[in-house]
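Report on the following structure.
Taken together, the values in this text are just the output of simple stated rules run on the coordinates, not laboratory data. Because the structure is a prediction, the values reported are computed rather than measured. Every residue, glycine as well, gets a Cβ built from its backbone with ideal geometry; the counts of neighbours run over all protein chains shown.
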Amino acid sequence: MTKLKIRTKITELGRGVRLSNVASHKYKDSDTATASQRAVADYKAYRYAKTLMLIVVALLCLVALGVDIGLGPYHIDFLDVYKAIFDRLGDWGGVMTTDEKVVWDLRMPRVLTALFAGMGLAMAGAAMQSMMKNPLADPYTTGISSGAALGATLAMTMGIFLIPGAFGTVVNAFVFALIPAGFIIAMSIYRKPSPAMIILSGISLMYIFNAIQSYLMLVADPNAASSVYAWTIGSLNQASWSNLPFIFCVALLGGIALMYMARVLNTMNSGDAYSKSIGINVNRARIIVLVTISVVAAGIVSFTGIIGFIGLVGPHIARMFVGSDNKILIPAAGLMGAGLMLLADCVVQTVAETMPIGIITSLIGGPVFMLLILKQKREIW
Amino acid sequence: MTVRITAENLGAAYGSIVIWSGINLDLCEPGLISILGPNGAGKSTFMYMINKILEPAEGRVLINGEDVMDLTFKDIAKLIAYVPQASGETFAMTVMDTVLMGRYPHSGYALTEEDLEIAADCLDKMHMAEFAMRNFNELSAGQHQRVMIARGLAQEPELLMLDEPTSNLDIYHQIRTMRLLRDIAHQKGIMVLVICHDLNIAAKFSDRVIMFQKGSIYADGTAAEVLTAETIKDVYNVDAEVIEVKGRPYVIYHNEGDVDERSERGEPQRHPGLPRSGYWKPQ
């Protein structure tokens, strides 16, 4: 199917759904409609179709959630999962059945962490790619992952904690992951933060962090080094109800903030000069987006470890379906990321429960992505 | 009311390289104003300074009496729209979404019905309404340019600045675009500032012509006042003859000059392999 055919299909779909909206039809179907009236009607139909697409993907995510919760050594039927969820919600203080216990206490934290982590990482990745105008960018581009890894390594091998207690490693990873953003803000005082400057300073920081981390792992006790290694792959095994609120807030608030910046990200496509001419302080906007992305990615990474791929590929797959308009792309990428994580977790639960999800996302996602690249005909960049 | 742009002793420099300095200009009357001049004369730089994209090296620009540097980008954007030079940079967004960018200074997060209608109307003015749902990166260079102009119009400014708006357009659309810009200027009483390289197109439609030369403004006035054989020789180093067509100056170029230079240096004037008749003829 050619791109034009796809576009026409989408527009037709939207128009079909908008049967109740007489205005858009009156224009399209009458011969007296002017070209601009038709353009407005078509655009509305198109936007409506895109919104509909988001709702469908959101529903698919809900289905995947149910499937994922049901999987495991204690199998629960698909519908029973939702029954357990709603029964518990309806009778919060009551005695829990086995199903409810498994669903709520054992599996919900893990599955919801997967959902929000995937959502946050993919939204951050979409925003980063749009801002940098670079298809290779992901939420970790500025050195966030290396920072987080160094923070975690310091905690695990040297016992250096910024704050003591159960969240020591998490806080270490979070704070170190934010160093690149801080560094770029400091640099922006002297130089305007162009995409090239942001990427290159991120890469230089990444090498510095990696060097220190490699040294620490060499001199560390092998057990500690092995746990650091496991951490860098990324897994959901640490998920718990107490960690969830933080990931939830970071992914949701960050996502809303990025969606709010979507129009600004769109205009950045047309170059800095044009963005300034329509009233956007480009340098400040870039810093705001960068900090938002960094907080989202750092917040997620510090709890789950470095889950790769989702932040790079989620946005690309979304782009193939909805195009590059950030107003649609960012939420679509979020849903796509969430869906991919849930699917990956389904595979983990069926194949090997203790396998870190980071391995599966890359192992399954890689070939799927390659197939999509081969199949897609539309220019997305 | 039209916005009033005043340049006071304005100077531009990139690092230590001075582009021009000591420019005093007053733009306040509605109409189509063309900026002409050779490459690198600082025509685009002048536009950048009007909407704060570049900081002046010296002097200042005033918009309605206020220094540009004291205004926010958003304040300026409500008065002044800018259509950048065609760069070939594209993105996978629909044409309609691209034109709607121009509504940014006027609209909130959600677009209103009015925004959509204005955008579609501007597209229609540029004969691009049929392409509203096509992706921007699926269009030709000339179509890109028409979309960009529509986006500038959608901003509904009091001063519309266009950097070489006709560079990729076919002759029909060059003339049509310039006439449209002039008509909009006259009907709405706004100022339209156009950078142009086609002297005849500029002469035909401009109410005022400003000729830049390296370092300063060479001439400023009506097309007939500015476009003379002497000016063209001084500014572009091109021999030309200026005749009058329908009350407007019309420039005819004579460029035998460079051939003479070659014979003076003793270089062959034509490749020995070329046929004697000089022109390739279909067999």
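Tell me whether the protein assembly as shown comes out rounded, prolate or oblate; compute the Cα gyration tensor, take square roots of the eigenvalues as a ≥ b ≥ c, and use a/c under 1.5 as the rounded threshold. Show your work: numbers first, answer last.
Details: a/c = 2.35, a/b = 1.85, b/c = 1.27.
In terms of gyration-tensor shape, prolate.
Report, as a whole number in µm² per second, the diffusion coefficient that Stokes-Einstein gives for region A:99-194 at 37 °C and 0.692 mPa s using the Kirkwood radius over alpha carbon pairs. Could you put the intermediate results ahead of the total?
Working: Rh = 15.6 Å.
It comes out at roughly 210 µm²/s.
Only bridges whose two residues both fall in the protein assembly as shown count here: according to DSSP, what percent of them are antiparallel, nearest 5?
So the antiparallel bridges in the protein assembly as shown amount to around 60 percent.
Could you tell me how many degrees, from 0 to 90 and to the nearest 10, lie between the Cα long axis of helix B:141-154 and the main elongation axis, the longest principal axis, of the Cα atoms of chain B?
40
Starting from the Cα gyration tensor of chain A, take the square roots of the eigenvalues, sort them a ≥ b ≥ c, and report rounded, prolate or oblate (rounded when a/c is under 1.5, otherwise prolate if a/b is larger than b/c, else oblate).
oblate
How far is it, in nm, from the label point at B:Lys214 to the one at B:Ser107 when both lie 7 Å from their Cα along the line to the Cβ?
Calculated label separation equals 4.6 nm.
Among residues other than A:Lys83 whose Cβ falls under 11 Å from its Cβ, what is the net charge (Lys/Arg +1, Asp/Glu -1)?
-4
Of A:Leu343, A:Leu150, A:Leu162, which is the most mobile in a GNM of chain A whose springs link Cα atoms less than 10 angstrom apart?
Looking only at A:Leu343, A:Leu150, A:Leu162, the biggest GNM fluctuation is shown by A:Leu162.
Beyond 29 Å, how much of the Cα-Cα pair distribution for chain B remains, as a whole percent?
When all Cα pairs of chain B are counted, 41 percent exceed 29 Å.
Quick one: grab Rg to one decimal and Dmax as a whole number for region B:121-245, Cα atoms only, in Å.
Computed over the Cα atoms of region B:121-245, radius of gyration and Dmax are 16.0, 49 Å.
Near A:Ile189, within a Cβ-to-Cβ distance under 15 Å, what is the net charge of the other residues, with Lys and Arg +1 and Asp and Glu -1?
Computed value for this residue: +4.
Whole Å is fine, so just give me how far the alpha carbon centre of region A:84-138 lies from that of region A:221-257.
A separation of 12 Å, based on Cα centres.
Which value at 222 nm does the protein assembly as shown reach when only helices count, each DSSP H run of 4 or more adding -39,500 (n - 2.57), with the total divided by all residues and rounded to the nearest 500 deg cm²/dmol?
The helix-only estimate for the protein assembly as shown comes to -18000 deg cm²/dmol at 222 nm.
Write down the percent of antiparallel bridges among all DSSP beta bridges whose residues are both part of chain B, to the nearest 5.
The antiparallel fraction comes to roughly 60 percent.
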